[in-house]
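Have a look at the structure below before the remarks.
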Amino acid sequence: MQTILGATGQIAVELARELNRAYTTDLRLVSRNPRKVNDADALVTADLLDAGQTARAVEGSSIVYFTAGLPPDTQLWEQQFPTMLRNALEATRAAKARFVYFDNTYMYPQDDRLLTEATEFAPVGRKGRVRAAMASMVLEEMARGEIPVLIGRAPEFYGPGKTQSITNTLVIDRINAGQTARVPVRDDTRRTLIWTPDASRALAALGNAADAFGQTWHLPCDDARLTYRELVALACEQVGREPSHQVLGKWTLVALGLVSRQVRELRELLPRYAHDNLFDSGKFKQRFPQFQVTTYRQGLEQMLAESRRHHV
């Protein structure tokens, strides 16, 4: 049995679809309010802050995926995320299962260096420090060697459904709605974005490859690395509009943060938008050469087509 902890987010939903399609129909989905993705899914209600509930939810699993998310609230992250992860690791160890940790890039330096699996952590801000501590906890578990452990790390998302990201909210959703796209900080720096279904498919492939454990993996992205100016032009082309966007400068975003909690919570990420974001996923592509990465054009076509269907 393969178990997904934190099973209601976009990554978890796509992961459940892919596992069911390609690997096993014996899936257990765990969250506070779990919902079926596939007909055969087993649902378990559990609070990952409770060690006993987490242990019961994981019991009998062969592979455990940690895809739990929290709202972008710094205090909540500091108070809850490390406990949730610790409980998940202890439960997985007790079940003698494999552990697959879905990670982000908040702990990396926010400059224009090429980011590989060997890049040292240099977190900027409190959320970055939380994610660095969590990744370190997983690396310690990996080093302990009692259970097989791997990390799958993704850069910023864009994608269908309920994908939550700055790019979705400020750029693609606004173009979809006939509004002017808003670009944070600069429109000429190259971005590495991951299509959320690709992240989930890659996580499923790693979890079901015995030789992938004991390592960190950068999940696969389109190496085109478009700037926001190019991304806006590509999206506008698909909806038959002249490209237009507005750059929100750093001080504009700081000022908006005074009135918007959501913007305030994103402020520690702003340095990354002033630099090229060069996230390297060559290691994954070499190990899984058959994996088809969704191009930016394909991803945007799918998102905009989905949006049109919903508005018909």
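The values are calculated or read from the model by the stated rules, or taken from the named source; none is laboratory data. In this text, all values refer to a predicted model and were calculated from it rather than measured experimentally. Note: ideal-geometry Cβ built from the backbone for every residue, glycine included; neighbour counts use all protein chains shown.
Assorted remarks:
- Looking only at segment 122-147, and only at residues there that are under 23 Å from VAL64 (Cβ atoms) and buried (at least 18 other Cβ atoms within 10 Å of the Cβ), the one that is farthest from the chain's Cα centre (by Cα): ILE147
- Where ALA205 falls short, out of the listed (1) farther than 23 Å from LEU70 by Cβ; (2) touching a Leu at 6+ places or on another chain (Cβ under 9 Å); (3) part of a helix (DSSP H, G or I): (2)
- Of the listed requirements (1) touching a His at 6+ places or on another chain (Cβ under 8 Å); (2) modelled with pLDDT of 95 or more, VAL64 misses just one: (1).
- Pair list, Cβ under 9 Å, 6 or more apart: segment 201-218 residue in contact (Cβ under 8 Å) with a residue 60 or more places away in the chain, other residue surrounded by 22 or more Cβ atoms within 10 Å (Cβ to Cβ) and basic (Lys, Arg): THR216/ARG153; TRP217/ARG153; HIS218/ARG153
- Which listed residue is of a type in the set (D, E, K, R), farther than 15 Å from PHE102 by Cα and touching a residue at least 40 places away in the same chain (Cβ under 8 Å), from ASP41, ASP26, ASP73: ASP73
- One residue from ARG229, ARG182, ARG174, ARG186 being out of contact with any Pro (no Cβ under 6 Å at 6 or more places or on another chain) and in a strand (DSSP E or B): ARG182
- Pick from segment 92-121, criterion crowded, with 19+ Cβ neighbours inside 10 Å and of a type in the set (D, E, K, R), ranking: farthest from LEU206 (Cα to Cα): ASP103
- Selection status of THR83, closer than 21 Å to ARG201 by Cα and either among the β-branched types (Val, Ile, Thr) or surrounded by fewer than 19 Cβ atoms within 10 Å (Cβ to Cβ) (or both): no
- Answer from THR3, THR25, THR8 - the residue that is buried (at least 21 other Cβ atoms within 10 Å of the Cβ) and either part of a strand (DSSP E or B) or not hydrophobic (A, V, I, L, M, F, W, C) (or both): THR3
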